[in-house]
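To start, the structure itself, in structure tokens.
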């Protein structure tokens, strides 16, 4: 069966992310004997006409669309992406009668409403490797499910999470947009952040991929695709179980040193561990503290203090790691006093860049949804497909925006609104600079020598 897989993602902030989920499903379909073509809405310059042309040329028997994000989770500049998916589905209908199957992390969060709004035929909830293959195998025989929503199936064991089928055209596009390629080392998140959907999507048990297969992927990207920078997409790279060290040790064993980044949580790292990581290319970190003082950290379900954030930042700075932090104001427990304390704490962080958000996107089945219902911010009947944000009832939204704007105005390394530097980062990537570029936003110094790789 000929299957066309489309990544519908259009977000570029803070940098374009390779559609790894699409390529993992593609690998499973190809292994089962199907002919697969991967494409991407960003690659097609967000052109519906180009998507239509691709459908017309490939003539697929089945079309899968991956939805990574519902919206941009930015109250200051809201962008709703499901209309784009609806337009893609409408364009497909003009060129083929092939069934349209939705999937992806964003879809799995609110599948019934997204399926209804987009007009697609079917949707897969949860991990797609097994269910997409089962659907395609049956569709090849003319057999389709009675229910439009399929899954979720039992989650894959870590050893069964296989390598992605990296598409040459997609890799080339994303490398020219920042030279960053994505790799997943594990799934699952045991932490209890009140707003987060990772435990819902991936479960709370850590499922490790074989470290040797992970490093095989790195070598493939380095040698075949000429990748200059790796992004480990795990919800948290430095997990408490130490699975990340298996990957680091395997990279060291093979003498691999390629610049890489990932999501780092405060705590657990030491000078010795960071040095081991640096020997493999650890170059930058995205630290998800998310709240900026102890009161709001506790209310957000975090198991660390702001002093842990400070110590993590100082540790990374000592080793020359370009570090970014992400903070959300207005969450549970926020008051005018905690806002002012949080601002002081963020301004006190040195040798890093901080991205500041206002409000927190409420998503179904999270503790934050239950808090918002209890506080009468939303009702239990709200579908939450349209962007809906939590702002603490103890804080006036207008006051919060004015306070954050005033506090961070002219502070180069504190970015509010969080997309304020998006255009500049995209331009630097087009000029050939690689990686997240956090160090170029840090006032007064550059934490590592920048290398500019001209597009070839």
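Every read-out reported here was derived from the displayed coordinates using simple, explicitly stated rules and does not represent laboratory data. Note that the coordinates shown come from a computational prediction; the quantities given were computed from them, not determined experimentally. Here the Cβ is made from the backbone with ideal geometry for all residues, glycine too, and neighbour counts use every protein chain on show.
Computed over the Cα atoms of segment 74-207, pair by distinct pair, the Kirkwood hydrodynamic radius stands at 17.2 angstrom. Values of log10 I(q)/I(0) for segment 178-441 across q = 0.08, 0.12, 0.16, 0.17 Å⁻¹ run -0.34, -0.77, -1.30, -1.41, by the Debye formula with one identical scatterer at each alpha carbon and no solvent.
Can you work out the base-10 log of I(q)/I(0) for segment 280-428 at q = 0.17, 0.19, 0.21 1/Å, using the Debye formula on its C-alpha atoms alone? With no solvent term, the Cα-only Debye profile gives -1.01, -1.19, -1.34.
Using a simple spin-label model with pseudo-atoms 7 Å out from Cα toward Cβ, residue 48 and residue 78 lie 2.2 nm apart.
Distance between the 7 Å Cα→Cβ label points at residue 113 and residue 97: 3.4 nm. With kT/(6 pi eta Rh) evaluated at 10 °C and eta = 1.306 mPa s, and Rh the Kirkwood radius from Cα pairs, segment 2-158 diffuses with a coefficient of 102 µm²/s according to Stokes-Einstein. Taking only alpha carbon atoms, segment 1-91 gives an Rg to Rh ratio of 0.99, where Rh is the Kirkwood radius.
Each Cα pair under 8 Å and six or more residues apart adds its sequence gap; the mean of these over the residue count of the chain is a relative contact order of 14 percent.
By the compact-protein rule of thumb, 2.2 N^0.38 Å, the alpha-carbon radius of gyration of segment 179-224 corresponds to a ratio of 1.45. Projected onto its three principal axes, the C-alpha set of segment 132-231 covers 45, 40, 27 Å, listed from the longest axis down.
Taking 7 Å steps out from each Cα toward its Cβ at residue 245 and residue 168 produces label points 4.1 nm apart. Put simply, segment 255-330 fits an ellipsoid with semi-axes of 25, 12, 9 Å; these come from the alpha carbon gyration tensor as the roots of five times its eigenvalues, largest first.
Its residue count N sets the reference 2.2 N^0.38 Å, and the alpha-carbon radius of gyration of the chain equals 0.96 times that reference. Using the rule -39500 (n - 2.57) for each DSSP H run of four or more residues, divided by the residues of the chain, the 222 nm mean residue ellipticity is -11000 deg cm²/dmol.
Annotation: extensible slack from residue 216 through residue 253 equals 12.1 nm (criterion: 0.36 nm per residue apart, minus Cα-Cα distance).
The residue 318 and residue 420 beta-carbon pair, evaluated with R₀ = 22 Å, returns a calculated FRET efficiency of approximately 0.20. With viscosity 1.002 mPa s and temperature 20 °C, the Kirkwood radius over alpha carbon pairs of segment 118-157 converts through Stokes-Einstein to a diffusion coefficient of 200 µm²/s.
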